[in-house]
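Following: one structure in C-alpha cells, then a few remarks.
Values quoted throughout were computed directly from the atomic coordinates according to the rules given, and no laboratory measurement underlies them. Everything numeric here is computed off the predicted structure, so don't read it as measured data. Virtual Cβ from ideal backbone geometry, glycine too; neighbours counted across all protein chains shown.
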Amino acid sequence: MKNDKKIFLACSECRVKNYTTNKTLNVEKRVAINKYCPKCKKHNLHKEEL
C-alpha cells in the first residue's frame, strides 16, 4: 500500500493514543472516529494525531 500513511488516533478527552490505522495520502481532512477509550472507560471521539 504505497499510497497509505500510518496514523495514530488519540482520545479527545484524555489524549492517550489508543488506535492506529491507515490513511491514503490524497485525503487532506483529518480523521475523527468515535471509539472506545480503555482509560476513560467509555466511547469518545478519537482524532488523528500528527
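Over the Cα atoms of the chain, Rg to Rh with Kirkwood Rh, two decimal places? Working shown, then result.
On the way: Rg = 11.4 Å, Rh = 11.2 Å.
Ratio of gyration radius to Kirkwood radius: 1.01.
Modelling each spin label as a point 7 Å along the Cα-to-Cβ direction, I'd like the Leu45/Thr20 distance in nm, to one decimal.
About 2.6 nm, to one decimal.
Do you know the Lys pair count in the chain for C-alpha distances under 18 Å, with sequence separation 8 or more or different chains?
20
Would you mind working out the magnitude of the charge dipole of the chain relative to its Cα centre, with +1 at each Lys and Arg C-beta and -1 at each Asp and Glu C-beta, to the nearest 20 Debye? Before the final figure, lay out each step's value.
Details: 13 positive and 5 negative charges, 27 e Å.
I would put it at about 120 debye.
Counting only C-alpha contacts under 8 Å and six or more residues apart, can you give the relative contact order of the chain as a whole percent? Walk me through the numbers before you get to the answer.
Details: 88 pairs, mean separation 20.0, N = 50.
Over the chain, the number comes to 40 percent.
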